[in-house]
Amino acid sequence: MTSVDDLLRRQHILAEFGDFSQCSDDLDEVLTRACDLVGEALGTDLAKVLEVEEEAGTLFVRAGVGWQPGVVGEVRLPMGERSSETYAINKGEPVACADINKEERFVFPEFMKDAGVVGIVNVPIFLHAHRPFGLLQVDSRSPWTPNDADIEFLRTYATILGPVIDRLHKVHALRLATDRNETLLRELQHRIKNNIGAIMSLVQMQIGRAKSDDARQELTIVADRIEALRLVHELVYVSRNTDQLALRPYATQLLEGLLPFYVDHPIRLETHIDEIQISSDLAIPLGLIINEFATNSLKHAWSGSDGAQAMIRIEARLRDGRFLMKIADNGRGLPDGESEGAQVGTGMGLIRGLTLQIGATPSWTSSSGTVLTLDFSIE
């Protein structure tokens, strides 16, 4: 009869295994710890977990303790008619053999005999929907007839093991899917980069073939926008986190990338941006809006200026789910009749379309320079 102390020790071991299984995502580590603890609970010498390999019709020694080298992680047993392991899985309940040397129902593998195994208990392990994972096999080097308390403990132990294994299978599958998605994403990024590069090459070729200054100027504007798209893509997708990115370094790098191409005026760049994380879906249109405003300013805001230092300023705040951004220059402002977004040029039309895409309404002012204000909800 099992003593009260033994029962308390087994309860403690069940709790210890439950705690351990919640802290590890390594299935082999969890199964090895399960074998170690079950031997401690029952005072046996050896234990192993065998996993069903349905296609091959074998049982793989996935984990174990106390075995000689070359067993755990290597041995596969056939699921034959005289296999005690197969019988236990088919029966769906623990099966004990007090002495394998006297057992006539089953044939036992030589590695167990070499290890001095005498008594064994096979305990099936089932996953969700009663799918067999395999079994926990507890082995003793002396004859062993487990009592009812031993059998119930092992049945409980296997019942705990099933959901743990199920969870770790899902963790493994999720990791594989994540790795595959990351590989596909990298491939997609590479293709997008190549496609943008090919388009840019075609535009540059047409610029070289253009016969008029007006045509070259329009094609150059197109090339600038393609370059902006390339830079936005690079800044968004080269980062390790493709779902979110910090707005401040993103906007700063985007603007700083434009300044070297416009050397007619020294430009002072001012950024006053809160610590804001934005999604990649928002970053692309927002980056293109910033680029379009800055490009227009660099080309037109200071033409015929009195020599005062040129400045581009960007502010961004996030308050109660509302995103407020202002982009401004200190140039000559918008031409008469073209304030409040009334312009119909390609650049202004592009900005208007992009702001509609993110659910914002552009507000233009032109007192001491040009100011574009965006105010919209951000989740």
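The values are calculated or read from the model by the stated rules, or taken from the named source; none is laboratory data. The model shown is predicted, which means the values in this text are computed figures rather than measured ones. Every residue, glycine among them, receives a Cβ derived from its backbone with ideal geometry; neighbour counts consider all protein chains shown. Accessible surface is based on the protein model in full, side chains and every heavy atom, while ligands, DNA and RNA are left aside. Shrake-Rupley method; radii C 1.70, N 1.55, O 1.52, S 1.80 Å.
State the number of residues belonging to segment 132-162 that are surrounded by 14 or more Cβ atoms within 10 Å (Cβ to Cβ), touching a strand residue (DSSP E or B) at 6+ places or on another chain (Cβ under 7 Å) and not in a helix (DSSP H, G or I).
Of the residues in segment 132-162, 11 are surrounded by 14 or more Cβ atoms within 10 Å (Cβ to Cβ), touching a strand residue (DSSP E or B) at 6+ places or on another chain (Cβ under 7 Å) and not in a helix (DSSP H, G or I).
Pairs under 6 Å by beta carbon, first residue more than 22 Å from Pro146 (Cα to Cα) and free of Cβ contacts under 8 Å to residues at least 24 places away in the same chain in segment 12-41, partner open to solvent by 10 Å² or more (accessible area, probe 1.4 Å) and among the polar types (S, T, N, Q), six or more apart or different chains?
The qualifying pairs do not exist here.
Residues to consider are Arg10, Arg62; find the one that is charged (D, E, K, R) and at pLDDT 95 or above.
From the options Arg10, Arg62, the qualifying one is Arg62.
If you scan segment 194-223, which residues turn out to be under 41 Å from the mean Cα position of the chain (by Cα), modelled with pLDDT of 90 or more and farther than 22 Å from Glu234 by Cβ?
Met205
More than 16 Å from Ile290 (Cβ to Cβ), modelled with pLDDT of 90 or more and outside any helix (DSSP H, G or I), is that true of Gly333?
No; evaluated as a whole, the condition is false for this residue.
Take the residues in segment 111-161 that are of a type in the set (Asp, Glu) and under 42 Å from the mean Cα position of the chain (by Cα); name whichever of them is farthest from Leu46 (Cα to Cα). Even if it seems obvious, please write down each step before you answer.
If we filter segment 111-161 for residues that are of a type in the set (Asp, Glu), which is where we start, we get 114, 139, 148, 150, 152.
Those still in the list that are under 42 Å from the mean Cα position of the chain (by Cα) too: 139, 152.
Details: Asp139: 5, Glu152: 19 Å.
Top of the filtered list is Glu152.
Pairs please, first residue from segment 366-378 and more than 13 Å from Arg352 (Cα to Cα), second anywhere and part of a strand (DSSP E or B) and open to solvent by 40 Å² or more (accessible area, probe 1.4 Å), Cβ atoms under 7 Å, 6+ apart in sequence or on different chains.
Val371/Lys326; Val371/Thr365; Asp375/Arg322; Asp375/Leu324; Ser377/Arg322; Ile378/Leu318
Kindly indicate the residue of segment 349-365 that is more than 11 Å from Leu288 (Cα to Cα) and in contact (Cβ under 8 Å) with a residue 40 or more places away in the chain and also surrounded by the fewest Cβ atoms within 10 Å (Cβ to Cβ) among those meeting that condition.
Per the stated criteria, the residue is Gln357.
Just give me the residues in segment 199-234 being hydrophobic (A, V, I, L, M, F, W, C) and open to solvent by less than 50 Å² (accessible area, probe 1.4 Å), in sequence order.
So in segment 199-234, the residues hydrophobic (A, V, I, L, M, F, W, C) come out as 199-200, 202-203, 205, 207, 210, 215, 219, 221-223, 226, 228-229, 231-232.
Across segment 199-234, the qualifying residues are Met200, Val203, Ile207, Ala210, Ala215, Leu219, Ile221, Ala223, Ile226, Ala228, Leu231, Val232.
I'm trying to understand the selection: among the residues of segment 257-293, which are among the hydrophobic types (A, V, I, L, M, F, W, C), assigned to a helix (DSSP H, G or I) and at pLDDT below 90?
Leu258, Leu259, Phe261, Leu282, Ala283, Ile284, Leu288
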